[in-house]
Amino acid sequence: MTELKNDRFLRALLRQPVDMTPVWMMRQAGRYLPEYRATREKAGNFMALCMNPELACEVTLQPLDRFPLDAAILFSDILTVPDAMGLGLYFSEGEGPRFERPVRDKAAIAALGVPDPEQELRYVMDAVRTIRHELDGRVPLIGFSGSPWTLATYMVEGGSTKTFSRSKGMMFDDPASMHLLLEKLADAVTAYLNAQVAAGAQALMIFDTWGGTLTPKDYRAFSLAYMQRIVDGLTREADGRRVPVILFTKGGGQWLEWMADTGCDALGLDWTTDIGEARARVGGRVALQGNLDPCTLYASPEAIERAVAEILASYGEGTGHVFNLGHGIHPAIPPEHAAAMIQAVHEKSRQYHST
Ligand code: 1CP
């Protein structure tokens, strides 16, 4: 395997010394980039783009060609796993993701199989292999999945939701069915992430976008417990290097200690938590990734630089910080504003690293 030319991101995740704070952006390949929109047009639609390894590779590399980012993230979606379980994913323009066959009762859940990643999700593994080859060691490649709870909300609702009426309805009315679904998803996600590592992913991130909608007790029982099962089952080394695992529960700032207890390597933070306080709580055990409010990028480059400086100062001296947004970059952000953020992270962070 090719030597990594820039391993700042992996080193920071393992709390090893770095020369400056590494940075990448959630949704860094996406609609805010005109070249992304052009490639999606060429593919026909979003799913066709995900299913074409060459085009998925092309859009993965687009932000890296524009900005000096320290990591690449596989271009795909968390909903490929439920699609491979037979739910029939499609994206309707302006409406977001939808499933043709949502799962709403025990019989439908019992009938679900756990997909073989090299069969039903082969196109994702082919994308990982293609991207690793094309990256040629420039930066590490992040593989990812949704958390079981987050995937379950989409599978039960049949798409995005603001109310969680059906998914929380099932959790409260028929917890045994919800647990059965979450168990199957934990098995599917573990196999999926391990296959991504086998195909070349060098770090893993679990997106628990909707864990923060739960009560503390339900978070532990319905989200964290299943992320724990996944962390326990993951391949943690490849090519003689540790494969760091990042857990991100949006809205999970009050549960950082519980999340760190899973044995993951790093926690993703949204912007509602002060990163310095988070470091005081769990920084001795895990690295932290985050946490600029994505809306900051609507502001002027000067305001962006000030906000970056505040987060770097709040985290303070030394390694263990990967700079990121607290959630995905919005489609209307000017790419030059993302550039200003990335440049500010690199320039202003050197003073915090003494190597
Ligand atoms: O029109 C388009 O081009 C589709 C927009 C889009 C993109 C660019 C979707 C649909 N997915 C993606 C890519 C994507 N999704 C990545 C790629 C890598 C990257 O550059 O970061 C990743 C990591 C995801 C993960 C994802 N998909 C999450 C978890 C992270 C998060 O943002 O909270 C979730 C919840 C999804 C579901 C999804 N897929 C797409 C949309 C618009 C949504 C969100 C729908 C909702 O709000 O419920």
query = So which of Ala71, Ala48 ends up being under 27 Å from Gly326 (Cα atoms) and within 15 Å of the ligand (Cβ to nearest atom)?
reply = Ala71
ask   = Is it the case that the stretch 172-189 has a residue that's crowded, with 24+ Cβ neighbours inside 10 Å and among the aromatic types (Phe, Trp, Tyr)?
value = no
query = If you check Asp65 against the conditions, is it within 19 Å of Pro331 (Cα to Cα), more than 13 Å from the ligand (Cβ to nearest atom), modelled with pLDDT of 95 or more and over 18 Å from the mean Cα position of the chain (by Cα)?
reply = yes
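Is it true that some residue in the stretch 46-55 is on the phi > 0 side of the Ramachandran plot and under 19 Å from the mean Cα position of the chain (by Cα)?
Going residue by residue through the stretch 46-55, those that are on the phi > 0 side of the Ramachandran plot are none.
No: the stretch 46-55 contains no residue that is on the phi > 0 side of the Ramachandran plot and under 19 Å from the mean Cα position of the chain (by Cα).
Of these, Leu185, Leu204, Leu193, which one is within 16 Å of the chain's Cα centre (by Cα), in a helix (DSSP H, G or I) and within 24 Å of His327 (Cβ to Cβ)? It would help to see each step written out before you state the result.
Numbers: Leu185 fails: within 16 Å of the chain's Cα centre (by Cα); Leu204 fails: in a helix (DSSP H, G or I).
After ruling out the rest, the residue left standing is Leu193.
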key: Only listed residue being farther than 23 Å from Asp261 by Cα and either more than 12 Å from the ligand (Cβ to nearest atom) or within 21 Å of the chain's Cα centre (by Cα) (or both), chosen from Ala198, Ala225   = Ala198
request  = Would you check which residues across the stretch 160-171 are surrounded by fewer than 19 Cβ atoms within 10 Å (Cβ to Cβ) and at negative phi and list them?
outcome  = Ser160, Thr161, Lys162, Thr163, Ser165, Arg166, Gly169
key: Top-ranked residue of the stretch 79-135 - restricted to ones that are under 18 Å from Leu49 (Cβ atoms) and of a type in the set (Phe, Trp, Tyr), ranked as farthest from the ligand (Cβ to nearest atom)   = Tyr123
Set Leu182, Leu256, Leu234: member being away from the ligand (no atom under 15 Å from the Cβ), under 24 Å from Ala127 (Cβ atoms) and not small (Gly, Ala, Ser) = Leu234
ask   = Taking the stretch 305-319 on its own, how many of its residues are buried (at least 24 other Cβ atoms within 10 Å of the Cβ) and part of a loop (DSSP other than H, G, I, E, B)?
value = 0
task = Kindly indicate whether Glu157 is away from the ligand (no atom under 12 Å from the Cβ) and either under 25 Å from Gln228 (Cβ atoms) or in contact (Cβ under 8 Å) with a residue 12 or more places away in the chain (or both).
result = no
query = Does any residue in the stretch 100-124 that is among the aromatic types (Phe, Trp, Tyr) come within less than 7 Å, Cβ to Cβ, of a residue that is surrounded by 17 or more Cβ atoms within 10 Å (Cβ to Cβ) six or more places away or on a different chain, and which pairs are these?
reply = Tyr123/Met51; Tyr123/Pro53
request  = Mind listing just one residue for me: the one in the stretch 10-38 that is surrounded by fewer than 19 Cβ atoms within 10 Å (Cβ to Cβ) and outside any loop (DSSP other than H, G, I, E, B) and, of those, nearest to the ligand (Cβ to nearest atom)?
outcome  = Arg37
inquiry  = Would you confirm, using the coordinates I've provided, whether Arg129 is basic (Lys, Arg), out of contact with any strand residue (DSSP E or B) (no Cβ under 6 Å at 6 or more places or on another chain) and touching a residue at least 12 places away in the same chain (Cβ under 8 Å)?
reply    = yes
ask   = Does at least one position in the stretch 4-26 carry a residue that is over 30 Å from Gly169 (Cα atoms), free of Cβ contacts under 8 Å to residues at least 12 places away in the same chain and of a type in the set (A, V, I, L, M, F, W, C)?
value = no
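The values are calculated or read from the model by the stated rules, or taken from the named source; none is laboratory data. The model shown is predicted, which means the values in this text are computed figures rather than measured ones. Note that each Cβ is placed from the backbone with ideal geometry, even for glycine, and that neighbours are counted across all protein chains shown.
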